Amino acid sequence: MIELIIIVPLVAGLVAFFLPLTMARPLLVLIGAVHLLLSTLLWLQRPLALLPDYFAITPEGLLSLIVISLLFFLISIYTTAYLDATRIHSENFFSGALLVFLASMTMVTLSDHLMVMWIAIEATTLASAPLIYTHRSAASFEATWKYVLICSVGIALALLGSLLIALSMDVGGVDAPVAFSALAQEAPRLAPVWLKAGFVFILVGYGTKMGLAPMHTWLPDAHSEAPSPVSALLSGVLLNCAFLGIFKTHKIMHAAGLGDFSGTILIFFGLASIIAAATFIIKQSEYKRLLAYSSIENMGIIALGTGIGGLGAYGAMLCLIHHSLIKSSLFLSAGNVLIGYGERTIAGTGRLVRMMPKTFVAFISGFAGISGFPPFGIFIGELLIIMAALRGGHFVAAAVFILSIAVIFAGFSRHVIQISFGANAGPDRLEEHAAMVWPQYMLLFTSLVLFIWMPGTLNQTIRLAVAAIGGGF
Amino acid sequence: MTNPVETLLVLVLLSVLSALGSSRLPSLIKVLSFQGLVVSIVPLFMGHEMNTGSIIFTLVTFLIRAFAIPLYIYVAIRRVAIRREANPIVGYHASLLLGLVLIVAAIAVSPKFNLPMPQGRPLMLPTAVTLVVAGMFLIMSRRNAIAMVLGYMMMENGIYLVGTGFSLRAQHIVEFGILLDVLAGVMIMAVILQHIKQAFDSLDTARLTTLKE
């Protein structure tokens, strides 16, 4: 009965549309808690699906699901305070869309059918579009328009890719359900040409949504114009959902003996994204766009690690989890900065350490984490990817990767120093709400704990997930 | 007697050319409505076994693609009273010529794919390819946002042809989900367009440059 976890937020979201304006706030936190509870139960019990043709529990799905649950719960707490601090048109609509968005992302993590996966990812676009134009400014409509159009076209290509994979079954004479799990078993008999074509289309399609360069153009706009809790969700979990679609297709490719082909393409797009992010981060003038480009970088790193395989795939999974935790905390902190200073540009901020000391702690730790410093998990993830690249003989890829993250660190730290210690004539102390600081601390603390001590079941699940693409130790 | 599917596909190809040459939005919408109508009745003539479920599904697709979506967009442009020009980056004559080249290229290339053509329907794959590429071309070459939405619909028509023409596996419930997604997508696009119109007083995407980088 795993479908329950999709239905609960969906129904709650539909109810929230009709609630009086501020009534939906406690509902957000409540559903967040229920969702977290349900996904913990799923993790422990691993029950069967009611519709086994369409849904199934997979290790990579579980990993994404638990991250979604945890993030949504903490972000919902932040959101209640955020809604107090800002003025938002039709707040019930905002909360409702947020819950439907949660339902659609949950559906992505649990779907096993190619087409259901497509429907779910498209549904995430549709549910998140109203969230991005919450502020109803001209720029936010422009961002939403770009987001919906670019992602719809991208996802239409992914649909074509899914159909091509179905075609490879027809050509190969395979009679099985169009499900990822069934296809992975039958993979050697699929027609390789169409499978390859399908993978390319799916990678370009879902890659658009995941923010891989050069299809990333919607991402900085959407992330910077959306309200900060939404940016945190977009960056923290939506990108992971799109990656899941690519990862599952890569699994089929690996099972069909075409893992080298798909891996090379993944490495190419991964490096392209890292380089693109490095180029734009240096000259960035707005801090939310800065974080958005950093997400593109991290998605590139994850694609790179997955493409390299072996240790790298394990590292990519670690990066996936820790990027979600750390980047969402950074976006929430950026939300505090935006509320406090009322200014989007980096030049308009400064003296964060004096004016918002609690936010400063979260922001600077998040920066350390995202740049790959211990004691946060991205450090291990990136280290493993570099080791795997060197071991696998991808010397050029490793060199480009290391150079780019060094450039990104240099650019990023210059901006962070301006935000934290730069000159600003503002008041000595700005107000900081506890509910708008603790969620960030919790997220960073989780990353820290997972760095020091990883529960056995988590380690096992990651290993199971990457074993299917030839990853692991 | 000639095959009705081939006739329908020829009509689809003609509608692509007509769409590329349309300068006014209402006529572009009519062409897309016609195209949706033709594409959605193709499965009826494919010679597959049709049960009640698939006939109902085809009918619903027919209603949504041929009437509901075009009508909705038509009402939307009436309401925002925007300029009726498609406002091309690539001119209409050049677009037409490109469309012709595209069709010829698609027909020339398709046999090389070596596909098991469903019951010897040589035009199926070229038409689908033409629709997808021409749709993307419309999105890229028109500045008017409504024309972009229509280009997106043309792309979806092409993908629908790939789905119905080549694979019988995708169950109808899934196809229905896809249809609903597309429907909702177009509606959301139209809603955003109305807001953009209010904010910028134009649907010319060349003005959407605030976030340029």
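The values are calculated or read from the model by the stated rules, or taken from the named source; none is laboratory data. All of these numbers come straight from a predicted model, not from anything done at the bench. Neighbour counts are summed over all protein chains in view; Cβ atoms, including those assigned to glycine, are modelled from backbone coordinates with ideal geometry. With ligands, DNA and RNA removed, areas are computed over all heavy atoms of the protein, side chains included. Shrake-Rupley method; radii C 1.70, N 1.55, O 1.52, S 1.80 Å.
Couple of notes before you dig in:
- With θ taken as phi - 60° and the Karplus curve 6.51 cos²θ - 1.76 cosθ + 1.60 applied, the whole-hertz 3J(HN,Hα) list for segment B:126-139 is x, 5, 4, 4, 4, 4, 5, 5, 5, x, 5, 4, 4, 4 Hz, x standing for glycine and proline.
- A convex hull fitted to the Cα coordinates of segment A:315-382 yields 80 cubic angstrom per residue.
- Counting lysine pairs in segment A:4-467 that sit 8 or more residues apart in sequence, or on different chains, and whose Cα atoms lie under 24 Å apart gives 16.
- Proximal charge balance of A:THR80 [Cβ under 12 Å; K/R count +1, D/E count -1]: -1
- Computed FRET value (nearest 0.05) for A:ILE417 with A:SER90, which takes r as the C-beta separation and R₀ as 41 Å: 0.55
- On the beta carbon distance between A:PHE395 and A:MET454, with R0 = 22 Å, the FRET formula returns roughly 0.15.
- Less than 5 angstrom separates the built amide H of B:ARG142 from those of B:ILE89, all sequence-distant by 5 or more or on a different chain.
- Burial order of peptide ranges A:78-86, B:141-149 (average beta-carbon count within 10 Å, highest first): B:141-149, A:78-86
- Local net charge near A:ARG136, Cβ-Cβ under 15 Å (Lys/Arg +1, Asp/Glu -1): -1
- Spatial separation of Cα centroids for segment A:350-369 and segment A:119-173, in angstrom: 35
- Take each residue of peptide A:140-150, count the partner chain Cβ atoms within 10 Å of its Cβ, and average: the result is 6.
- Net charge over other residues, Cβ less than 14 angstrom from the Cβ of B:PHE113 (K, R count +1; D, E count -1): +2
- Per residue, in Å², the accessible surface of segment A:4-467 once ligands and nucleic acids are set aside, probe 1.4 Å: 31
- Share of pairwise Cα separations in segment A:270-423, more than 22 Å, in percent: 37
- Of the DSSP H helices in chain A, those whose Cα atoms cover at least 30 Å axially and whose Kyte score averages 1.0 or more: A:24-45, A:59-85, A:138-172, A:259-282, A:311-341, A:395-421
- Chains B and A together bury roughly 3700 Å² of accessible surface, counting both sides and using a 1.4 Å probe on protein heavy atoms.
- Take each residue in A:70-81, count the other chain C-beta atoms within 10 Å of its C-beta, and the mean is 0.
- Three-way shape label, segment A:144-258, alpha-carbon gyration tensor, a/c 1.5: prolate
- Lys/Arg +1, Asp/Glu -1 at C-beta; chain A dipole; positive extreme among A:LEU30, A:THR345, A:PRO357: A:PRO357
- For segment A:163-223, the Cα gyration tensor yields ellipsoid semi-axes of 30, 11, 8 Å (square root of five times each eigenvalue, largest first, whole Å).
- With DNA, RNA and ligands ignored, accessible area of A:LYS358 (1.4 Å probe; Å², nearest 10): 90
- Relative compactness, segment A:7-96, computed as alpha-carbon Rg over 2.2 N^0.38 Å: 1.23
- Label positions at A:THR279 and B:ILE89, each projected 7 Å from the Cα along the C-beta direction, are separated by 1.7 nm.
- Percent of alpha-carbon pairs separated by more than 37 Å within the protein assembly as shown: 36
- Here segment B:121-142 is scanned for amide nitrogen atoms under 12 Å from the site 7 Å beyond the Cα of B:GLU6 along Cα-to-Cβ, giving B:121-124.
- For the protein assembly as shown, with all protein chains in place and a probe radius of 1.4 Å, 70% of the accessible heavy-atom surface sits on carbon or sulfur.
- When you count the other C-beta atoms within 10 angstrom of each residue and take the mean per peptide, A:104-117, B:61-74 line up highest first as A:104-117, B:61-74.
- Neighbouring Cβ atoms from other chains, within 10 Å of the Cβ of residues in A:164-176, number 3 on average.
- For chain A, adding -39500 (n - 2.57) for each run of n ≥ 4 DSSP H residues and dividing by the number of residues yields -25500 deg cm²/dmol at 222 nm.
- FRET efficiency, A:ARG354 to A:LEU21 (Cβ-Cβ, R0 41 Å, nearest 0.05): 0.70
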